[in-house]
Every structure is written in structure tokens, then in C-alpha cells.
Amino acid sequence: VDFLRNLFSKTLGISGEKVLDELTLEGVARYIQSGACKNIICMVGAGISTSAGIPDFRSPETGLYANLQKYNLPYPEAIFQIDYFKKHPEPFFALARELYPGLFKPTVCHYFIKLLKDKGLLKRCYSQNIDTLERVAGLESEDLIEAHGTFYSSHCVSFMCRSEYSMDWMKVKIFSDDIPKCEKCNSLVKPDIVFFGENLPKRFFTSMAMDFPRCDLLIIMGTSLQVQPFAALVGWRLLNARSFRDVAHISTCDDGCLALADLLGWKAELEEMVKREHEKIDSKAKEEQANQSAVATGKAETGKAETGKTKAE
């Protein structure tokens, strides 16, 4: 081990500094509590959202790609292919109605990342997810690198136009069964999700170069690390590492976060955060539903009054 440590130190510029006293979750917790761990980066994928009811992509029976037969696609990934989308946008927007942000609540894992931010420990969260649940949990734009894009904003696909549209505008279009078209040039409007055949956001690359040299601890959750270039972030971390010691904790993402929070003395705080924030979301949903019902009732009453007036005349 000492030989390998010295070899990596000389060839890759990695020091042999030992930062964990034990390769366990307990060792990670003690490192976080030591005060030496000041900049934590989280890398997350679809697995942190499955407990919210959002399917991942590649699970054999429950994954998204295994359940797209109803859209009559030439192959499952076509639904996220930019060239296919431009010719056949209907399958994507039908899927978007099923998975649209606002229909799901953040998980324990999302709130654990928010807790890291509240404790002043989160350097950045690099996410493959497009469900915006990190934002719902309280992370802001500067906290996030949404590597595969987001529903949070949308743009016209025409390079000559590129008009921007809000999440609320896109939601109205999707749930009214309209194919979103640009109000200026009538081209398709697409949520700012990175499709196959598109480049990742420039901020992914610029932030990577700034963040990883400063990273004290990299926490990876809910991703199989099969998709590039996101998976390459791990290699970038190794090139900038002070240590090459890894810890694997095998469990669900939520259970793993609860276990680490417990070791850190944060479990009660985390559980209270989840309960409080979920109650807020439920309360807001009930209020919006009541408002929509009131609007619908008002329209119905107006219609009745207009009908009665016509008959009287």
C-alpha cells in the first residue's frame, strides 16, 4: 500500500495523506466533524429520486426505458434524441406530462444535500437529474450544476431565434396537450434538457475545473456512472485528490443519508426538515387545487348566468 501511495504521489501528483481513519461511514462522519472537511461535492443521479415515485432509466423492469412501448419508438433512447424530437415531438411531451416537476416531492436524500448547504459544507451538487427536485428542496442556481439540463427553463430550438420561456409557460402548454411552439417564429420550444446529440452546458465544464481541485469529500449517490462525460467527474476528482481512499455504503440513497446524518448527530434535524417541507408542499398543493376549483366554479356560474340571460331575452 505504501509503495502504491508513493507511486501515485510521484506520477499523478497525489499526496499520500491519510484523511480517513477508517474506510467506513463512521470514518467519513468523523472526517466531516473534524473541521478538515470544508468543501463537499455531491454527484447524484436518478436513484435519489426513485423514492419520490420517479423511475430511473435503466432498471430492467421498472426503469423508464423499459416502459416506453406505448410511444411506438424505434428504440427507447429515441425519446431523448434531438433529431427524433424535432421530427416527432409528441412522445417526449406525452412523457413530460407523466413526469413533470411539481407532481413529486423531494426525498430524504435531496434534503440531506440541502442540510449540507445549511451547514456551510456543500461546495456544489452535480446532478444528472432533470426533475428539479434539488431546487424544490432549497438548492439555488449557484449550488447546482444540472449537467443534463432542467425543466426550469425552455428555449426555441431555432438557432436564429432561441427565445426563452418560463417553466410556468411550458407547464400550461404540456398540460393543455399543445405542442409548445415559439410565439415569435413558430418553431418547437424544448425544455432546457440535454438530449442525446446536444452539448452539456458550458457551466458544467467551467465549474468542474474550479470545484474539484478544492474538493475535500466527494459523495456519489443514485448514479451508475455509465453516462459520459458526467461519469468522468470521478476521474477528475482522482487527478486532484489528496487521497485515493474510497468508502462504499450499500443501501438505498435515503437510508444511506439517514445513517450518515445519524452518525453526524443531524438525524432529528433532517427528519424534521423533511416533515416540515413536505407539509408546506402539501399545503401549497391544496391551496392551488382549491383556487382552481373556485375558478372552475366561477366560470360555470358565469356560463349559467349568460344562458339564463339569453333565454330571458
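This table checks each residue for (1) free of Cβ contacts under 8 Å to residues at least 40 places away in the same chain; (2) open to solvent by 30 Å² or more (accessible area, probe 1.4 Å); (3) under 24 Å from D254 (Cα atoms); (4) of a type in the set (D, E, K, R).
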| site | (1), (2), (3), (4) |
| --- | --- |
| K117 | yes, yes, yes, yes |
| C125 | no, no, yes, no |
| N129 | no, no, yes, no |
| R135 | yes, yes, yes, yes |
| E140 | yes, yes, yes, yes |
| E164 | yes, yes, no, yes |
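Looking at this structure, is A96 open to solvent by less than 60 Å² (accessible area, probe 1.4 Å), of a type in the set (G, A, S) and at pLDDT 95 or above?
no
When R203 is tested against (1) open to solvent by 60 Å² or more (accessible area, probe 1.4 Å); (2) free of Cβ contacts under 8 Å to residues at least 40 places away in the same chain; (3) assigned to a helix (DSSP H, G or I); (4) more than 16 Å from F151 (Cα to Cα), exactly one condition is not met: (2). Residue count for region 186-200 satisfying the condition of being under 17 Å from L144 (Cβ atoms) and either part of a strand (DSSP E or B) or not hydrophobic (A, V, I, L, M, F, W, C) (or both): 3. Does K184 satisfy the criteria of being basic (K, R), surrounded by 19 or more Cβ atoms within 10 Å (Cβ to Cβ) and modelled with pLDDT of 90 or more? Taking the combined requirement at face value, the residue does not satisfy it.
Based on what the data block shows, is I41 touching a Leu at 6+ places or on another chain (Cβ under 7 Å), outside any helix (DSSP H, G or I) and at pLDDT 85 or above? Yes: the conditions hold for I41. I'd like to check something: does region 51-60 contain any residue that is in contact with a strand residue (DSSP E or B) (Cβ under 9 Å, 6 or more places away or on another chain), surrounded by 14 or more Cβ atoms within 10 Å (Cβ to Cβ), at pLDDT 65 or above and not hydroxyl-bearing (S, T, Y)? No. G149 meets all of the listed conditions (1) farther than 26 Å from S49 by Cα; (2) open to solvent by less than 10 Å² (accessible area, probe 1.4 Å); (3) modelled with pLDDT under 90 but one, namely (1). The helices (runs of 4 or more DSSP H) found entirely in region 72-179 that carry 3 or more residues being touching a Gly at 6+ places or on another chain (Cβ under 8 Å) are 108-118.
The values are calculated or read from the model by the stated rules, or taken from the named source; none is laboratory data. Note that this is a predicted model, so its numbers are computed, not measured. Reconstructed Cβ throughout: ideal geometry from the backbone, glycine too, with neighbour counts over all protein chains shown. Ligands, DNA and RNA are excluded from the accessible area calculation, which covers all protein heavy atoms including side chains. Shrake-Rupley method; radii C 1.70, N 1.55, O 1.52, S 1.80 Å.
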